[in-house]
Amino acid sequence: MNNHSRILSGMRPTGRLHLGHYHGAIKNWINLQYEHECYFMVADLHALTTGYEETKGIEQNIYEMVIDWLACGVDPSQAIIFIQSHVPAHAELHLLLSMITPLSWLERVPTYKEQMERLSFKDLGTYGFLGYPLLQSADILLYNAKYVPVGEDQVCHVELTREIARRFNHMYGRELGFEEKAHEAIRKLGTKKAALYEELLVNYQQNGDEEALEKARFLLADAVNLSINEEERLFAFLENKSKVILIEPHALITQTPKLTGVDGQKMSKSYNNTLMLREDADSINKKIKAMPTDPARIRRTDPGDPDKCPVWQLHLVYSNDGTKDWVRSGCISAGIGCLDCKKPLIEAICTEQAQFNERAAPYRGDYNLVRNLLADGAEKATEVANNTLQEVKQAMNILY
Ligand code: TRP
Ligand code: SF4
């Protein structure tokens, strides 16, 4: 992964988040924000595609979710945090891309039918809902995002985005001044690397040397002083292709296993088994104390099997090796009781929650602070997004 590559991810504003969101997605964002230029977006327009009938709570949901992001450690001085609808370029690019998107591409995205069935109590036979993944493509393409951290279920949307980018580039990709821009980028490589690049280019284009193409790819991937646009431009130049206006992104699949909820199923709002972010210690205590354990451990003297116990699943996430060893041996030998076992877990979660609360403290009850931060983010995002939109319009010959 290049460190000059951009990252975009988004989340629909469904309100307060739980620990599953933290371990499943946001923790990953936090690691990425220090290494990359990150854009984290509140996908409010996406929320409308399924929630168009009940929009009253959306504003509060946005603020509460953003406060949860901040509580987790998303840092507005490192990452750009903004609301999708604050950057009109999203809607505009969505519209422009809709002109070249075959209906069949949208109809065959697996989430389309799945969601229709899962949410069959809602009327999702709408134009907006069919366009859900295309709107997501616009989100990604506007920022030239090279990587998109998402869960497994969203990979098909990134895949669609790649296809749309390819179709667009193919259709509109002969840019004015492409050659000059490419030569300018070559100069930026520095004398030595530039000479090597030229040599590899000749080798590939005149002698069909595939190895030269590979070598040049490595050379470009390592060139830290090129922007992502310049890097892609030089790839295209190398292969003697038309200009890449929209960059094909890659999914960065978050590899965290699903967090276990307090009933032993996957943690999810719809199962009502969550531990929320910024939940108070009392309530955490109660929920974990009430958690089911290995059903074979009826009496304190019965030995248990951690692998059959949801509490153990949480230890795997929250406890160090010492504690885990203590749990395993104590459980199997009936040396510890389940309440003993839960104690260090409760402590670890409450310590984490204290951190969340501390980070969220300045924002709690002061939505103005959040609004300012989001306005700031929108301003920065708009600059980048409008730039891409201009290029798209220019390529489509509608910049009059
Ligand atoms: N569809 C994503 C989800 O439901 C949210 C989203 C909207 C998104 N736009 C995005 C994710 C762009 C990544 C990139 O989780
Ligand atoms: Fe589960 Fe711990 Fe009880 Fe074993 S001791 S059954 S791991 S809660």
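The table below lists the values:
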| read-out | value |
| --- | --- |
| Output for segment 323-351, where each listed residue is surrounded by 18 or more Cβ atoms within 10 Å (Cβ to Cβ) and either among the acidic types (Asp, Glu) or within 25 Å of the chain's Cα centre (by Cα) (or both) | Ile349 |
| Failed item in (1) touching a Cys at 6+ places or on another chain (Cβ under 8 Å); (2) open to solvent by 70 Å² or more (accessible area, probe 1.4 Å), with Ser120 passing the rest | (1) |
| Of residues in segment 249-282 being open to solvent by 50 Å² or more (accessible area, probe 1.4 Å) and among the charged types (D, E, K, R), the one farthest from ligand 2 (Cβ to nearest atom) | Lys269 |
| Test: residue in segment 286-294 that is open to solvent by less than 30 Å² (accessible area, probe 1.4 Å), part of a loop (DSSP other than H, G, I, E, B) and more than 17 Å from Leu19 (Cα to Cα) | yes |
| Residue tally, condition more than 28 Å from Lys243 (Cβ to Cβ) and among the small types (Gly, Ala, Ser), over segment 359-400 | 6 |
| Segment 142-192: number of residues that are open to solvent by 30 Å² or more (accessible area, probe 1.4 Å), assigned to a helix (DSSP H, G or I) and more than 16 Å from ligand 1 (Cβ to nearest atom) | 14 |
| Number of the exception - Arg300 against (1) of a type outside the set (Val, Ile, Thr); (2) touching a helix residue (DSSP H, G or I) at 6+ places or on another chain (Cβ under 9 Å); (3) open to solvent by 40 Å² or more (accessible area, probe 1.4 Å); (4) part of a helix (DSSP H, G or I) | (4) |
| Considering residues of segment 299-322 that are more than 10 Å from ligand 2 (Cβ to nearest atom) and more than 32 Å from the chain's Cα centre (by Cα) only, the residue nearest to Tyr22 (Cα to Cα) | Gly322 |
| Conditions (1) open to solvent by 30 Å² or more (accessible area, probe 1.4 Å); (2) under 30 Å from Leu32 (Cα atoms); number of the one not met by Gln206 | (2) |
| Residue satisfying all of: in segment 364-400; part of a loop (DSSP other than H, G, I, E, B) and open to solvent by 40 Å² or more (accessible area, probe 1.4 Å); nearest to Arg167 (Cα to Cα) among these | Asn397 |
| Lys380 being under 25 Å from the mean Cα position of the chain (by Cα) and of a type in the set (Lys, Arg) | yes |
| Residue check for Ile228: assigned by TED's automatic domain parsing to the domain that holds Leu389 and among the aliphatic types (A, V, I, L, M) | no |
| Scan of segment 283-298 for residues that are modelled with pLDDT under 95 and more than 10 Å from ligand 2 (Cβ to nearest atom), ordered by number | Ile298 |
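The values are calculated or read from the model by the stated rules, or taken from the named source; none is laboratory data. Quick caveat: nothing in here was measured; it's all calculated off a predicted structure. Here the Cβ is made from the backbone with ideal geometry for all residues, glycine too, and neighbour counts use every protein chain on show. When the accessible area is computed, the model is the full protein with side chains, heavy atoms only, and any ligands, DNA or RNA have been set aside. Shrake-Rupley method; radii C 1.70, N 1.55, O 1.52, S 1.80 Å.
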